[in-house]
Amino acid sequence: MARHLLETKDFKKDEVEQLLDLAQSYLDSDNTLTSKNSLSGHIIITAFFENSTRTLSSFEVATKHLGGEVVRLDASRSSTTKGETLFDTAANLNAMQPSAIVVRHRNSGVPNILSKYVTCSIINGGDGAHAHPTQALLDLLTLRKHLGHLGGKKIAIVGDIRNSRVANSNIELLGRFGMEVILVGPPHFIPKTKLRHCLFLKEVIDEVDAVMSLRTQTERHDYPIYSSLKDYASDYCITKEIFGERNIILLHPGPVHRNIDISDSMLKDPRCKVLEQVTHGVAIRMAVLETLILQNHTKIPKNFPYF
């Protein structure tokens, strides 16, 4: 039976550590990506029913770095626009015998449902406000690189947490690695949770080791929360004034709303790791693809060190 990555819980902690180590092996000392041919002869289908730049491109680049081939499903021209169900789409794609299908959808739970209709691996590229496991994995890789052992470290997640699949996946994964996650935002952006939360970042800035800013998920709001994004930015935009000279790092899953989520000057600050996260995203997706696909095939190379 094929193994899937639908949420971060699908991998045990030691398996996550193996993924991180494997991803790190694809990066040299200058953080430059290296290539290999472990997936030569394998085809990966990307089926994105919701817009994406970083996730879609990084999965495709990751596949090519591993010597595999990519087939991109154009959702706007797929048979789902003619009334074909997603289940039939998945079954038909599976009949073409790909090694994995990467799925993104605006509705939560779609990758999980589709995994029951295929014999290849399904990888969740983001589903609604539910989960984005590879984003959390690349964030973990970035945090581990800069903070070392994460036990006892603190991270503030700032913004529209209630509607964020990135926040959901990070809260689960970072908590498992011993980080204290502090939620920062207005009450209507904070989900029901036992986690510590506060209204403004300045309340905890002196005690955190990292800050993760989130995009305001306006497309998931039933009605306008703020009169304008500029009003939101006046309270929650991450600036150099807020960071001061503190030795902390800044993350963001992208796309960044400049001067809404993060100021222009802070994006240029060396403590901001947004572009490094993108590079790490390719490495993590290489590790996920190689691990899942080679686990699903009996002819595992003798030099594959993890399984």
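You will find that of Thr8, Thr46, Thr55, Thr63, the residue that is surrounded by 17 or more Cβ atoms within 10 Å (Cβ to Cβ), in contact (Cβ under 8 Å) with a residue 40 or more places away in the chain and touching a Pro at 6+ places or on another chain (Cβ under 7 Å) is Thr8 and no other.
Does the range 118-131 contain at least one residue that is surrounded by fewer than 16 Cβ atoms within 10 Å (Cβ to Cβ) and either under 21 Å from the mean Cα position of the chain (by Cα) or assigned to a helix (DSSP H, G or I) (or both)? Checking the range 118-131: not a single residue is surrounded by fewer than 16 Cβ atoms within 10 Å (Cβ to Cβ) and either under 21 Å from the mean Cα position of the chain (by Cα) or assigned to a helix (DSSP H, G or I) (or both).
Look at the range 235-253 and say how many of its residues are within 12 Å of Gly185 (Cα to Cα) and free of Cβ contacts under 8 Å to residues at least 60 places away in the same chain. Here the count works out to 2. Looking only at the range 97-116, decide whether some residue is assigned to a helix (DSSP H, G or I), without any contact (Cβ under 8 Å) to a residue 60 or more places away in the chain, of a type in the set (Ser, Thr, Tyr) and farther than 20 Å from Leu214 by Cβ. Checked the range 97-116: no residue is assigned to a helix (DSSP H, G or I), without any contact (Cβ under 8 Å) to a residue 60 or more places away in the chain, of a type in the set (Ser, Thr, Tyr) and farther than 20 Å from Leu214 by Cβ. Of all residue pairs spaced 6 or more apart or on separate chains, those with beta-carbon atoms under 7 Å, a first member in the range 19-33 that is at positive phi and a second member that is open to solvent by 10 Å² or more (accessible area, probe 1.4 Å) and of a type in the set (S, T, N, Q) are Asn31/Thr279.
Among what's in the range 249-298 and is open to solvent by 50 Å² or more (accessible area, probe 1.4 Å) and in a helix (DSSP H, G or I), pick the residue that is farthest from Gly125 (Cα to Cα). The residue in question is Ser265. Taken as a whole, the range 86-108 holds no residue that is in contact with a Leu (Cβ under 6 Å, 6 or more places away or on another chain), crowded, with 18+ Cβ neighbours inside 10 Å and of a type in the set (Ser, Thr, Tyr). Is it true that some residue in the range 220-242 is acidic (Asp, Glu), open to solvent by less than 50 Å² (accessible area, probe 1.4 Å) and modelled with pLDDT of 95 or more? No: the range 220-242 contains no residue that is acidic (Asp, Glu), open to solvent by less than 50 Å² (accessible area, probe 1.4 Å) and modelled with pLDDT of 95 or more. The residues of the range 138-149 that are open to solvent by less than 10 Å² (accessible area, probe 1.4 Å) and within 16 Å of Gly175 (Cβ to Cβ), listed by number, are Asp139, Leu140, Leu143.
All told, Leu20 meets the bar of being surrounded by 18 or more Cβ atoms within 10 Å (Cβ to Cβ), at pLDDT 95 or above and out of contact with any Asp or Glu (no Cβ under 8 Å at 6 or more places or on another chain). Inside the range 140-157, can you point out the residues that are among the aliphatic types (A, V, I, L, M), more than 15 Å from Thr193 (Cα to Cα) and in a strand (DSSP E or B)? Ile155, the sole residue that qualifies. Applying the condition of being farther than 23 Å from His132 by Cβ and hydroxyl-bearing (Ser, Thr, Tyr) to the range 25-43 and asking which residue is least open to solvent (accessible area, probe 1.4 Å) yields Ser38. Exactly one residue among Arg196, Arg215, Arg162, Arg176 is of a type in the set (Lys, Arg) and under 17 Å from Leu250 (Cα atoms), and that residue is Arg215. For the range 25-79, a residue qualifies if it is part of a helix (DSSP H, G or I) and either over 21 Å from the mean Cα position of the chain (by Cα) or farther than 22 Å from Ile293 by Cβ (or both), and the qualifying residues are Ala75, Ser76, Arg77, Ser79. Scan the range 283-306 and tell me whether some residue there is of a type in the set (D, E, K, R) and at pLDDT below 95. Scanning the range 283-306, I find at least one residue that is of a type in the set (D, E, K, R) and at pLDDT below 95, so the answer is yes. Under 7 Å by Cβ, and 6 or more places apart or on different chains, what pairs join a residue from the range 145-174 that is over 29 Å from Ser29 (Cα atoms) and of a type in the set (Asp, Glu) with one that is assigned to a helix (DSSP H, G or I) and open to solvent by 40 Å² or more (accessible area, probe 1.4 Å)? Pairs found: Glu172/Lys9.
The values are calculated or read from the model by the stated rules, or taken from the named source; none is laboratory data. These numbers come from a predicted model, not from an experiment. As a convention, Cβ positions derive from the backbone with ideal geometry for all residues, glycine included, and neighbour counts pool all protein chains shown. When the accessible area is computed, the model is the full protein with side chains, heavy atoms only, and any ligands, DNA or RNA have been set aside. Shrake-Rupley method; radii C 1.70, N 1.55, O 1.52, S 1.80 Å.
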